[in-house]
Each structure stands twice: as C-alpha cells, then as structure tokens.
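Just so you know, all these numbers are worked out from the coordinates, no wet-lab data involved. No experiment lies behind these values; they were computed from the predicted model shown. Here Cβ is always computed from backbone atoms with ideal geometry, including for glycine, and neighbour counts include all displayed protein chains.
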Amino acid sequence: MLEIKNLSFQVENGDDKQKEILDNINLSISSGSFVAITGPNGSGKSTLAKMIMGIEKPTEGQIFFNGEDITEKSIHQRAKAGIGFAFQQPVHFKGMKVIDLLSLAAGHKLDVEEACSYLSQVGLCAINYIFRELDNSLSGGEMKRIEIAMLAARDVNLYIFDEPEAGIDLWSFQNLIQVFKNLLTKTNGIIIVISHQERILEIADRIIVLEEGKIAKDGNSGEVLPHLMFGVEDCHFYGRRVNF
C-alpha cells in the first residue's frame, strides 16, 4: 500500500516568494491497483511521481510504502524497497548493451532467452536489440520500451510510469496496456501512470485529476472520464474549464 499524507512542495519563485507546486496532497492506494494521474500541464503530476520515487523531496508531509515511512529515504533505498520509475525521457547508457541493462535490473545475469522474453513483451524484435548499445542510435521510443522491459525484469511492487505512451506511436496502445496488466497480475502491486491518453485512462481502476497542485477529482473511470472528455466548467483541462 502507498499512503501520502499532507504532501506539499514549494519552490523559490523570485523576490523571496514561494510557488506552490503541490498543496496538501492526501492519497491512499492499495495493492492490486492501476491508477492513472492526469490533469493539465503544470498541475503537479510529474512532480508527485518524482516525490514518490524520491527524486524530489517534499516541503511538508510524509510518504509511506507498505507501512514504512520512506519520506527521507534515498532513490536507491526506495528502489531496493520495490519502487520502480520509468522516465518521460529515458536516459541513454553509452557503452552498456541492452542485455546487460536487463541483467542489472533482474539482479542476475540473464541468458539470451530470458532477455528476449522481456523485450518481446514490449514489442521489440529481440534479435535486433539484445546486443545493441544503449546509445543515441536508439530512438526515444525504443529507449522507452527498453526501460519498460527493464522494470518488468526487476522485482518491483510499485511501478511509476511518466507518460509511457510518449514516443511509441508505432507500437499499439493495446500492447502497452497488456504489459501493464501482466505486471499487475505478476506482482499484485501498484501501477501509477501519468498520462493524458484516453485509452490508458479508460482501463485504469482509478483516475486522480490534479489541478494547480491539488486533487480536483478522484474516482473510477466511469465517474471521472466523462467530465474529462466532455468538460463542464472549472478545471482547465483539454482546453476547457471543467467543473467537478
């Protein structure tokens, strides 16, 4: 279970003023949940994801994972506790081969068959990628899929994906969604996806909408999605104001 209590985050905004990025966020997410976090640009979605991973530290509040306070724990400590993060813009690792990265994620040396199985899950022809270097010869979309394969190889209980659909237009969303479902079945953990993509929002158990650093709406897709798609007034989303 993931619990977020009274989480706030401010940054300096010049003239000794503070800009509120997240404002008193409270969430409880149980194991076996597929949660989508959405909202307009600048609403704090990616910041919240980075807070959970430990990339950013909150100004106030606490984060608990499986009953343990991880607020002050490092990224490395959170990774060891079973939290995995897929960046919106994956990092290249020049000089490292794909099979080496997957082996590092798995915690043991993978044979070719094992490594190929993870690449196949994300729609990559394994024979063309397994011995490729993780350098700039790989596109952003290819790196995104390899990063997702890396998380699948890891022993993870909480997966965080920041806009996983970005850069993978040629790969069907159905395959991406199937990867999420497989991970959830395999671990009975938690998947959190930051996304604007309707087809991802549709299959989420729960949608959390952020606006101006606050939770504007929290419910299942049947409760939340109609408002996001058709819009009523008061939430700047999809170019319209939506009133929840």
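Helix 221-230 and the longest principal axis of the C-alpha atoms of the chain enclose an angle of approximately 80°. Hey, with R₀ at 30 Å, roughly what FRET efficiency would Glu68 and Asn182 work out to, going by the Cβ-Cβ distance, to 0.05? Given R0 = 30 Å and the Cβ-Cβ separation, E is 0.65. Report summary: the helix-based calculation at 222 nm, which adds -39500 (n - 2.57) for every DSSP H run with n ≥ 4 and divides by the residues of the chain, gives -9500 deg cm²/dmol. Most simply put, the chain has about 55% antiparallel DSSP beta bridges, counting only bridges with both residues inside it. A straight chain from Gln10 to Ser30 at 0.36 nm per residue would run longer than the Cα-Cα distance by 4.5 nm. Among 72-81, 177-186, sorting by the average number of other beta carbon atoms lying within 10 angstrom of each residue, highest first, gives 177-186, 72-81. Applying 0.36 nm per residue to the separation of Phe93 and Asp135 and subtracting their alpha-carbon distance, the gain on full extension is 14.5 nm.
Any chance you could check the Cα centroid distance between the stretch 1-40 and the stretch 76-128 for me, in angstrom? First find each Cα centre; the distance between them is then 29 Å. For the chain, the square roots a ≥ b ≥ c of the C-alpha gyration tensor eigenvalues yield an a/c of 1.5 or more together with a/b exceeding b/c, which makes the shape prolate.
Ranked by the mean number of other Cβ atoms within 10 Å of their residues, highest first, the peptides 206-219, 96-109 fall in the order 206-219, 96-109. Bridgeable lysines around Lys45 (alpha carbons under 27 Å apart, same-chain partners fewer than 8 residues away excluded): Lys5, Lys17, Lys19, Lys57, Lys73, Lys80, Lys144, Lys181, Lys186, Lys214, Lys217. Could you work out the percent of alpha carbon pairs in the stretch 119-227 separated by over 19 Å, rounded to a whole number? Taking all Cα-Cα pairs of the stretch 119-227, the fraction more than 19 Å apart is 49 percent.
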